Amino acid sequence: MTSTAMNAAAGTAPALEMHEVTKVYGEGENAITALASATISIGSNEMVALVGPSGSGKTTLLSIAGGLLAPTSGQVIVGGRDISHASPTELTEVRRNTVGFVFQSVNLVPFLTARENLLLVDELRGSRGKQSKARADRLLDELGLSKRLHNLPSQLSGGERQRVAIGRALMNEPALVLFDEPTSALDTQLGEQVMELIQSEVKGRGTAAIIITHDSRMTHWCDRTVRILDGRLQSDELATAG
Amino acid sequence: MRLAWLELRRRPGKFSVAVVTLTVLAALLLFLAGLLDGLFLGSTGALRAQRADVFVYSSTSRDSFLRSTITPDTRAAVEAVQGVDAVGGLSVTLLGAVVPGETELADVAVIGYELQPSGIPRPSGPGQAWADERLKGFGVGQGDTLLVGPAKTPITVVGFVADSNFQLQGGLWVQTDTWRQVQNQNRPDAPSAAGDVQVLLVQASPGQDAALLADRIDASTRVTSSLTKAEAENSLPGTKEQRTTFNSILATTYMVVVVIVALFFALLTLERTPLYGMLKAIGASSRQLFVGVILQAIIIATVAFAIGGGLVAALSAAAPPKLPLQVQASRIFTSYVILAVCAVIGSLLSLRRVSRIDPAQAIGTAQ
């Protein structure tokens, strides 16, 4: 059964729809097609692993899905909103309200505490109050960081920093969370723990997720695996375990 | 904005170079401005105190007190001009004076006056003077008799007045006859005849325009050169030149502030590029980031100005009385505003760099 079929069966709108999306860098003889006619649909409660070798177009796909890059052609719908031709300001708004990011390099603000890193998301949206603090505390508690609220990133372990980053990505209650190799800097055991946490948090909220990973041992945590090679989506496999 | 504030609070070391540099520049700016004001105020106090609208010089004097002579005939001609309400003579002689118990001569300006200036009582008796407080720094006390000039003309101090100096020399305010005695005894090369004064001060009738009245006086007498009060202050030797020189130095220093802040934030923006990329990726707008940069520039300028101001205040308190350093509240305010504006202009030069940071670089970048 395809993802679209699953969504239809579930009666929910997809969190992400990409139709015939192409991204070309450069012009003329120097043109490089990073993504070619990519079509994919991800349900509102679906976790998808995106795998492929370096330079295959994973990052480009993730960037377009997250409103970081505009496609050269094709249609992109995130959380029900067509962002194919959105202006930079509109894309900023989409990233602020609809998408969550967990970056490969964790990228927490080094001079903010764990709690403040989460509250930053709401501050960028122009809201900061008791509700924001309560949500940040609840998220950090769920992530096992209730005793680390006031620690700076430099005072946290690699795994704890990754968990803070996950909390930050969920802070704006996004329709779609994008993970850029979230376990690449972690050992296998910690990687498994983080993936379990991601699955628990994402599934528990009914949020969709795309996870870029090089580690095939981590794909079983996802509902399906999408492979990409030379900018083309190759296959769409349902997970057999997880 | 909160992000920018927290960075300043928690990583003050990162901004220390900019704060130290701007502190030195702020102290320099205030010191120079204090000198400029001190020189101007110390030179013009005797004129600023006058309740006069027009200063009438003899036409051959090139607007100099020391070269000007107004005779009784000219005085009568001025009094007859329509719009003239009252006139009074003002004459000055610059000399050294021996202070009782002191070895160093005090620089004094013996000023003969008729119209009562602001803040200075009416002339005391013959041989008596109201002294400017600046002379206290030379050891002058109430009741002291100063021996003025090479002829050692005695003048007794009956009390002190403030901000009444002429050409940075301490004012000794005396009757015109006492001034004439001092002038004739000590400056035999430029004697003053009975009834002569150097400059005639004119109080205009209500509603009269000072500049028009000055023109009318000159047209009527044909032997005078009349200036408004502001023109007279600026006509004092060196005043305009001092102001031009100091203002040029101040303007150059403010430009250095712009360059320093621009360079600092350019380097900081370069260092922050990955952070800004990540912040943009999670929804920060360029405007939000830039407001933070401007806030940091203003806070750095404010802290530097406060420290620099403290340094200049300490220097001012410890400075010898001869140093014409006067830092006024209005000058402190305008200096701070200009410094803050320069800091904002400097930070604005990072605007393009901040706005061009691509949020997509946050993806696919390993630590």
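Please treat every number below as a calculation from the coordinates, not as lab data. All values derive from a computational prediction rather than experimental measurement. Counting neighbours? That spans all protein chains shown, and the Cβs are built from the backbone with ideal geometry, glycine included.
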Original post:
Cα axis of helix A:114-124 to longest principal axis of chain A: angle in degrees, 0 to 90, nearest 10?
Top reply: 60 degrees
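If packing is taken as the average count of other Cβ atoms within 10 Å, what order do B:123-135, B:77-89 fall into, highest mean first?
Descending mean neighbour count gives B:123-135, B:77-89.
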Subject >> Amide H contacts of B:Gly149 (H built 1.01 Å from N, under 5 Å, at least 5 apart or other chain) >> reply: B:Gly96, B:Ala97, B:Val98
Original post:
B:Asp218: net charge of surrounding residues, Cβ under 13 Å, Lys/Arg +1, Asp/Glu -1, itself excluded?
Top reply: -1
Original post:
Cα axis of helix A:158-170 to longest principal axis of chain A: angle in degrees, 0 to 90, nearest 10?
Top reply: 70 degrees
Subject >> Counted charge near B:Gly127, where neighbours are those whose Cβ lies closer than 14 Å (Asp, Glu -1; Lys, Arg +1) >> reply: 0
Original post:
How much net charge surrounds A:Ala13 when only other residues with a Cβ under 14 Å from its Cβ are counted (Lys, Arg +1; Asp, Glu -1)?
Top reply: -2
**OP:** Please label the shape of the stretch B:26-158 as rounded, prolate or oblate, based on the square roots a ≥ b ≥ c of the eigenvalues of the alpha-carbon gyration tensor (a/c under 1.5 means rounded; beyond that, a/b larger than b/c means prolate, else oblate).
**Re:** oblate
Original post:
What's the average, rounded to a whole number, of partner chain beta-carbon atoms within 10 Å of each residue's beta-carbon in B:273-282?
Top reply: 6
**OP:** Please identify the helices of chain B, taking whole runs of DSSP H, that span at least 27 Å along their own axis as judged from the Cα atoms and have a mean Kyte-Doolittle score of -1.0 or higher.
**Re:** B:12-48, B:239-281, B:286-318, B:329-348
Original post:
Which listed residue (B:Phe55, B:Ser164, B:Ile217) has the Cα farthest towards the positive end of the charge dipole for the protein assembly as shown, taking +1 on Lys and Arg C-beta and -1 on Asp and Glu C-beta about the Cα centre?
Top reply: B:Ser164
